[in-house]
Amino acid sequence: MKVIRFVPEIEDKELMLLEPEPCKKHVPQWYRDGEYHWVDENGNNNAGLKTCKPFIDVMIGGYFLLTPFDIHVTRDEDGKMNIRWDGPDAWQGFVGERPSALEPQSLCLPVTARTI
């Protein structure tokens with residue numbers, strides 16, 4: 001069995017990081033309550049959201065990297081992404097901003113996932 005090990009890349013932050021959790025532990029209630037099939041006004045049976053395999057993969061695949069503080073992601077009037085968090089000053093640099101939504105970079109979380 002393959003094991004994924006998450007390794008913090010910021011010195012002395014290991015003790016403050018929460019353990020990553022599988023997304024499948026945090027499936028929202030609205031999805032759990034969803035239907036596999038639904039009947040429209042004409043009596044036709046239709047596939048529900050739970051039958052869409054790619055959507056299921058999005059809901060249960062991967063891991064949540066939990067933080068001990070909230071991260072706020074917003075856009076200003078010009079469309080620029082703003083990221084701020086309620087963490088202590090020692091955590092400045094924990095979350096980086098990507099320069100543009102058009103660039104292939106994503107939020108830079110200083111954690112590396114390695115298969116061991």
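Taken together, the values in this text are just the output of simple stated rules run on the coordinates, not laboratory data. Remember, it's a predicted structure, so these values are computed and weren't measured experimentally. Note: ideal-geometry Cβ built from the backbone for every residue, glycine included; neighbour counts use all protein chains shown.
Values as computed for the structure displayed
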quantity	calculated
Residue that is surrounded by the most Cβ atoms within 10 Å (Cβ to Cβ), among those in the range 18-63 that are within 13 Å of the chain's Cα centre (by Cα) and assigned to a strand (DSSP E or B)	63
Within the range 73-92, considering residues that are assigned to a strand (DSSP E or B) and surrounded by 10 or more Cβ atoms within 10 Å (Cβ to Cβ), the one nearest to the chain's Cα centre (by Cα)	73
